[in-house]
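Only one structure is covered here, and it is reproduced in the block below.
Where a number appears in this text, it was derived from the coordinates with a stated rule and is not lab data. All values derive from a computational prediction rather than experimental measurement. In this analysis, Cβ positions are derived from the backbone assuming ideal geometry, glycine residues included, and neighbour counts consider all displayed protein chains.
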Amino acid sequence: MVQKKLPVEERKLNGILTTKQVAERLQLDPETVNRYCRQGILKGFKLGGDKSGWRVLERDLEEFINRASAGVGHSSRGKP
């Protein structure tokens, strides 16, 4: 079976990020990203159980950033 290569933009948006990578991009502490995932503020998932940590799809991070920049989902303290 031949796999079709996706365009770079599409591959980027399908990437899987660790909470450390997300934290670096958002300039947050990784524990804040973990909390956002646990609370459902940022869509994430775990691979194989609790020890693996949270993972976030690139497209879900982009959606989170878009919502935050539009002012949607902000708490009373002004954070997403």
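Checking a compactness column here: for segment 16-67, what do you get for Rg(Cα) / (2.2 N^0.38 Å), N being the number of residues?
1.00
How much FRET efficiency would the formula 1/(1 + (r/R0)^6) give for I16 and A68, where r is the Cβ-Cβ distance and R0 is 30 Å, rounded to 0.05?
The value I calculate is 0.90.
Scan around L17 for amide H atoms under 5 Å from its own, H built in the peptide plane at 1.01 Å from N, and keep only partners 5 or more places away or cross-chain.
Those qualifying (amide H under 5 Å, at least 5 residues apart or on another chain) are V56, L57, E58.
Report the charge-dipole magnitude of segment 16-67 in Debye, nearest 20, computed about the Cα centre from +1 at each Lys and Arg Cβ and -1 at each Asp and Glu Cβ.
Computed charge dipole of segment 16-67: roughly 160 debye.
Which of the listed residues, L26, G44, F64, is farthest toward the dipole's positive end in segment 16-67, when Lys, Arg count +1 and Asp, Glu count -1 at the beta-carbon?
G44
For P30, what charge total do you get from the other residues with a beta carbon under 14 Å from its beta carbon, if Lys and Arg give +1 and Asp and Glu give -1?
Charge balance near P30 sits at +2.
On full extension of the chain, what length is gained from S52 through R35, given 0.36 nm per residue of separation minus the C-alpha to C-alpha distance?
Between S52 and R35, full extension yields an extra 4.6 nm.
Would you please put 51-57, 24-30 in order of how densely packed they are, using the mean number of other Cβ atoms within 10 angstrom per residue and starting with the highest?
51-57, 24-30
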